[in-house]
Amino acid sequence: MAATHRVSAVIFDLDGTLLDTERATRDVLKEFLGTYGKVPDAAKEEKRLGQMHRESTTGIIADYGLPITVEEYSEAIYPLYIKRWQRARPLPGVNRLLKHLHKNGVPLALASNSIRRNIDHKILKLGELKDCFSVVLGGDQVPHGKPCPDIFLEAAKRLGVNPSSCLVIEDSLVGVQAAKASGAKVVAVPSLQSQRHCYSIADLILYSLLDFHPELWGLPPFEDRIQGALAMEPLLSNAQIGDAVQNSTLTLIAGECTYDSIPDQISGIFFGWTKSETSGVFKAVVSTGWDLSPGKFERVMHICFLDSHYKAKTEDHLELLLIGYIRKLQSSENISQAMNITDEDQATARDALDLPAFSEYAKTRSALDLPALPEYAEPRNGLLLA
């Protein structure tokens, strides 16, 4: 791909961009408000995404009529957040991108509306990758937080580059607005899929960082795909088989929403293993996306089993272990057409699951306590495949 812009540094947001902290802490406000007999208003909370701590806190106290000060609110709710932040994990594509940019000497900064104390707690979930950032800034370290451009201007200054030479990667609308105001280029990876239509000011909108192409920005390209497949951190979810879509493709009815479910940002064609309660473990390709048509807002999932031995039955319960990514969904106004799993997708997945490069995930399967393989399954290349 030819570069459309050339940048010399990359600035990341933290919550909802690098770490899945927003989903990890999703029930904290509900738990806290419950002690006052209150229930969160989803519409109001969506508008607070990405706000500065004091602005968000002041709004919550006013909206729900809480008989406490900003300081009292912060002191009471902080331990709840500390506990939940321990559950946060890097979002898909994050580890790969940070390692790649750092390895190639691209200056990196982290600029979050969170106060610096909170950032220092959360960034630990990035492990050694936290050291990739030569600049880390919190909203309390600049005069004005996002959507004002101050934090990105300061980050660029500390990196020693012009803001116009920076690429900012953000998940919130206020973050995108701040980045554009600073003069930087912006890639938006919205954490709230219902608001994707609001991000038109961004230079590029992605579903996840698995679809980020560095070469579009004059940065060194990735060279880690193997025969069209990309290894990724495992994603575990549960689901139930629904109706047939076409040929060998079936719908999946998402299971209960747990923290280990597929992140909201995930969309595209994936592959891995499925565990059936009755029949064992099988290879599969899964397409997933969001139906954002008028009157609808829901995740849609389709599955194609790569093993002819498995005869899928409606309402069968499955566990999904997705360990590889193939591509983004096709462009189409019809979600079912966009999610079509092609013969090429199936061939890519089938070949990939036989490659030594994916053998580390055999250990993951054991850790997840997947059942013994069917009698006809044989280990190949160190992989336990059905």
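The values are calculated or read from the model by the stated rules, or taken from the named source; none is laboratory data. On a predicted model such as this, the values are computed, not experimentally measured, just so you know. Because the Cβ atoms are built from the backbone with ideal geometry, glycine has one as well, and the counts that use them run over all protein chains shown. When the accessible area is computed, the model is the full protein with side chains, heavy atoms only, and any ligands, DNA or RNA have been set aside. Shrake-Rupley method; radii C 1.70, N 1.55, O 1.52, S 1.80 Å.
In region 99-124, what residues are out of contact with any Phe, Trp or Tyr (no Cβ under 7 Å at 6 or more places or on another chain) and touching a residue at least 60 places away in the same chain (Cβ under 8 Å)?
L101, N104, V106, P107, S112, N113, S114, I115, N118, I119, I123 - these are the residues of region 99-124 that are out of contact with any Phe, Trp or Tyr (no Cβ under 7 Å at 6 or more places or on another chain) and touching a residue at least 60 places away in the same chain (Cβ under 8 Å).
For region 342-352, which residues satisfy the criterion of being closer than 17 Å to V245 by Cβ and either open to solvent by 20 Å² or more (accessible area, probe 1.4 Å) or at pLDDT below 95 (or both)?
Within region 342-352, T342, D343, Q346 qualify.
Give me the pairs, please: first residue somewhere in region 130-151 and open to solvent by less than 40 Å² (accessible area, probe 1.4 Å), second residue anywhere and basic (K, R), beta-carbon distance under 6 Å, and either six or more positions apart or on two chains.
Correct list of pairs: V135/R158; G138/R116.
Identify all residues within region 81-105 that are in a helix (DSSP H, G or I) and touching a Lys or Arg at 6+ places or on another chain (Cβ under 6 Å); write none if there are none.
W85 - this is the single residue of region 81-105 that is in a helix (DSSP H, G or I) and touching a Lys or Arg at 6+ places or on another chain (Cβ under 6 Å).
Go through (1) part of a strand (DSSP E or B); (2) without any contact (Cβ under 8 Å) to a residue 40 or more places away in the chain; (3) touching an Asp or Glu at 6+ places or on another chain (Cβ under 9 Å) one by one and return the number of the condition N238 breaks.
(2)
With the checklist (1) over 17 Å from I323 (Cα atoms); (2) open to solvent by 40 Å² or more (accessible area, probe 1.4 Å) in hand, flag the one item G280 doesn't pass.
With (1) over 17 Å from I323 (Cα atoms); (2) open to solvent by 40 Å² or more (accessible area, probe 1.4 Å) applied to G280, the lone miss is (2).
What number goes with the only condition from (1) open to solvent by 80 Å² or more (accessible area, probe 1.4 Å); (2) among the polar types (S, T, N, Q); (3) in contact with a strand residue (DSSP E or B) (Cβ under 6 Å, 6 or more places away or on another chain) that S308 does not pass?
Single failed check for S308: (3).
Only residues that are open to solvent by 50 Å² or more (accessible area, probe 1.4 Å) and aliphatic (A, V, I, L, M): list them for region 311-337, please.
Scanning region 311-337 gives no hits.
Kindly evaluate S164 against the criterion of being of a type in the set (S, T, N, Q), at pLDDT 95 or above and touching a Gly at 6+ places or on another chain (Cβ under 7 Å).
Taking the combined requirement at face value, the residue satisfies it.
Answer with yes or no whether A178 is in contact (Cβ under 8 Å) with a residue 40 or more places away in the chain and either on the phi > 0 side of the Ramachandran plot or not in a loop (DSSP other than H, G, I, E, B) (or both).
no
Within region 106-127, which residues are buried (at least 16 other Cβ atoms within 10 Å of the Cβ), aliphatic (A, V, I, L, M) and in a helix (DSSP H, G or I)?
Once the filter is applied, which keeps residues that are buried (at least 16 other Cβ atoms within 10 Å of the Cβ), aliphatic (A, V, I, L, M) and in a helix (DSSP H, G or I), region 106-127 yields I119, I123, L126.
Any idea how many residues of region 267-297 are under 18 Å from S331 (Cβ atoms) and in a loop (DSSP other than H, G, I, E, B)?
Residues that pass the stated criteria total 3.
This table checks each residue for (1) open to solvent by 20 Å² or more (accessible area, probe 1.4 Å); (2) outside the structural domain of S182 (by the TED database); (3) under 21 Å from I151 (Cα atoms).
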| residue | (1), (2), (3) |
| --- | --- |
| T4 | yes, yes, no |
| D27 | yes, yes, no |
| S56 | yes, yes, yes |
| G65 | yes, yes, no |
| T69 | yes, yes, no |
| I77 | no, yes, no |
| H102 | yes, no, no |
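Among the helices (runs of 4 or more DSSP H) confined wholly to region 20-67, which include 2 or more residues that are aromatic (F, W, Y)?
So the answer is none; nothing clears 2.
From (1) at pLDDT below 95; (2) in contact with a Gly (Cβ under 7 Å, 6 or more places away or on another chain); (3) open to solvent by less than 10 Å² (accessible area, probe 1.4 Å), pick out the condition that doesn't hold for S237.
(3)
Could you grab me the full set of residues in region 173-198 that are farther than 19 Å from G289 by Cβ, in contact with a Ser or Thr (Cβ under 9 Å, 6 or more places away or on another chain) and open to solvent by 10 Å² or more (accessible area, probe 1.4 Å)?
The answer is S182, G183, K185.
Starting from residues that are of a type in the set (D, E, K, R) and surrounded by fewer than 20 Cβ atoms within 10 Å (Cβ to Cβ), keep the ones in region 240-266 and report whichever is modelled with the highest pLDDT.
D243
Look at region 279-296 and say how many of its residues are over 15 Å from L236 (Cα atoms), among the polar types (S, T, N, Q) and touching a His at 6+ places or on another chain (Cβ under 9 Å).
Number of matching residues: 1.
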